[in-house]
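Below is one structure, written out as C-alpha cells, with a few remarks after it.
Computed from the coordinates by the stated procedures, all read-outs in this text should not be read as laboratory data. This one's a predicted model, so the numbers in the text were calculated from it and none came from an experiment. Quick reminder, even Gly has a Cβ in these numbers, built from the backbone with ideal geometry, and neighbours come from all protein chains shown.
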Amino acid sequence: MLQTFNEANRDLLVNINGDLVHRDQAGISPFDSAVQGGDAVWEGLRLYNGKIFTLDEHLERLRRSARALAFTQIPTRDEIVAEIKKTLAANSMTDGVHIRLTLTRGVKVTSGMDPRLNQSGPTLIVLAEHKRPVYDDAQGGEGLSLITSSVRRFPPDCMDPNIHHNNLIQSIMAKVEANAAGADDALMLDQRGFVAETNATHVFIVSEHPAHAGKPEMVVQTPRTVACPEGITRQCVLDLCADNSIPCVERDISLTHVYNAAECFTTGTMGELSWVGRVDGRPIGDAAPAMGPVTQRLRGLFRELTDRAGVQVV
C-alpha cells in the first residue's frame with residue numbers, strides 16, 4: 001500500500017508556531033529538538049463535516065506524553081485548538097481532512113541531548129491535509145495483507161508505548177519488511193511473542209473465545225496495552241462493543257489466535273476501521289476473503305459515531 005499525492009494539497013499552508021507558511025517554504029530550525037533527536041510528541045486528528053472526532057481525547061494524550069517527557073512548557077488545550085482553527089480556515093477545509101499535530105521540545109541554544117539547552121519554549125506544528133482514510137483503496141475485495149515483522153515492540157521498561165513520541169524508527173523498520181514482502185503493513189509482536197499492534201494501527205480479531213468453549217458466539221478480541229499505546233480509535237471500538245452488547249475482551253493474542261480467527265481488522269485515526277484478509281500468506285476466515293459480519297457492523301457503528309460526535313471547529 002502506497003499513499004499517492006493529492007493535488008488538492010499542492011498549496012497547503014502549514015502552521016508553525018502560529019505562522020502560516022506554504023508547504024514548499026515551511027521549515028524548522030536544525031536546532032529544533034525534533035531534528036536533533038526525535039524529541040517530540042504527536043497526534044493524528046480527523047475532521048468530519050466541520051467537527052474533529054475525539055479531539056479532547058487526542059489533546060489529553062498529547063499533554064500526557066509531553067509531561068512524561070518532562071516538557072517544561074505545554075500549550076493549553078484552547079491555544080492548540082485556536083491554531084487548528086486558524087490552519088483549517090486558511091486552507092478552506094471542512095471535511096475529509098487529516099491533521100497531524102507535532103509538539104517538539106523546541107529550539108536548542110546549541111546541539112546536544114540535554115533538555116536544559118531548550119530555552120525558548122516548544123514548537124507546535126499543525127499540518128492539515130485533504131486525506132480520506134488511507135486503507136480504503138488497499139482493502140479492495142480481498143482486505144489488507146499483513147506479514148509478521150522481526151522487529152519487536154518495546155515493553156514499558158524500555159520505552160513506554162503510552163508516550164506518543166516521534167521516534168518511529170521501530171515502525172519504519174517494520175514497514176520496510178512489509179514493503180519487501182509485498183504486504184500492506186507489518187504485524188508487530190511484543191517481547192514475549194504476543195501481538196502488540198501493526199507498524200501503524202491497533203489490531204482486533206473476531207473468533208470464539210477459549211473461555212467460552214462450546215458457545216457459538218463470536219468475540220471481539222484485542223491485545224492488552226503492554227507494548228502498544230492506549231489507542232483512541234481502539235477505545236472507541238471497545239466502547240461501541242460495550243454499548244451494543246457485542247462480546248469483547250482484551251487479552252494476550254498469539255499468532256496462532258490470529259491465524260485461526262474468523263475475522264481481523266485494524267483501527268486508527270488515519271485509516272479508521274480496515275479489514276484484514278491475509279496474515280503471513282494465510283487467509284483469515286473463509287477461503288474466499290470477504291469482510292466479516294462483525295467487522296461490517298462495527299464499521300457502520302463507527303461511521304454513525306463520527307457523524308454525530310466531535311468538537312465543532314469550522
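Excluding residue 10 itself, calculate the net charge of residues whose Cβ lies under 13 Å from the Cβ of residue 10, where each Lys or Arg counts +1 and each Asp or Glu counts -1. Intermediate values should be presented prior to the final figure.
Details: positive: 23; negative: 7, 11, 24, 129.
Cβ neighbours under 13 Å give a net charge of -3.
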Is the shape of the range 136-307 rounded, prolate or oblate, going by the alpha carbon gyration tensor and its root eigenvalues a ≥ b ≥ c, with a/c under 1.5 for rounded and a/b larger than b/c for prolate? rounded
Where does helix 55-68 land angle-wise versus the long Cα axis of the chain, in degrees 0 to 90, nearest 10? 70
Nothing charged except the Cβ atoms of Lys and Arg (+1) and of Asp and Glu (-1): what's the magnitude of the dipole of the chain about its Cα centre? Round to the nearest 20 debye. 380
Which of rounded, prolate or oblate describes the range 8-130 when judged by the alpha-carbon gyration tensor and an a/c cut-off of 1.5? oblate
Excluding residue 250 itself, calculate the net charge of residues whose Cβ lies under 12 Å from the Cβ of residue 250, where each Lys or Arg counts +1 and each Asp or Glu counts -1. +1
Pairing the Cα long axis of helix 293-308 with the longest principal axis of the chain, what angle in degrees results, from 0 to 90 and rounded to the nearest 10? 30
Once the piece of chain linking residue 230 and residue 76 is laid out straight, how much longer is it, given 0.36 nm per residue of separation minus the C-alpha distance between them? 53.3 nm
Tell me, in nm to one decimal, what length is gained between residue 243 and residue 17 on full extension, where the rule is 0.36 nm per residue of separation less the Cα-Cα distance? 77.4 nm
Check which residues have an amide H placed less than 5 Å from residue 279's amide H, if you skip close sequence neighbours. 146, 284
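Roughly speaking, what is the stretch gain from residue 49 to residue 67, that is 0.36 nm per residue apart minus the C-alpha to C-alpha distance, in nm to one decimal?
Difference between extended and current length: 3.3 nm.
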Which of rounded, prolate or oblate describes the chain when judged by the alpha-carbon gyration tensor and an a/c cut-off of 1.5? prolate
Length-normalised contact order of the chain in % [C-alpha pairs under 8 Å, at least 6 apart]: 20
Cross-link reach list, aspartates and glutamates versus residue 131, counting only Cα pairs under 16 Å and skipping chain neighbours closer than eight places: 7, 11, 43, 95, 272
Could you tell me the calculated FRET efficiency between residue 119 and residue 260, based on Cβ-Cβ distance and R0 = 35 angstrom, to the nearest 0.05? 0.05
Can you tell me the orientation of helix 77-90 relative to the chain, as the angle in degrees between its alpha-carbon axis and the longest Cα principal axis, to the nearest 10? 90
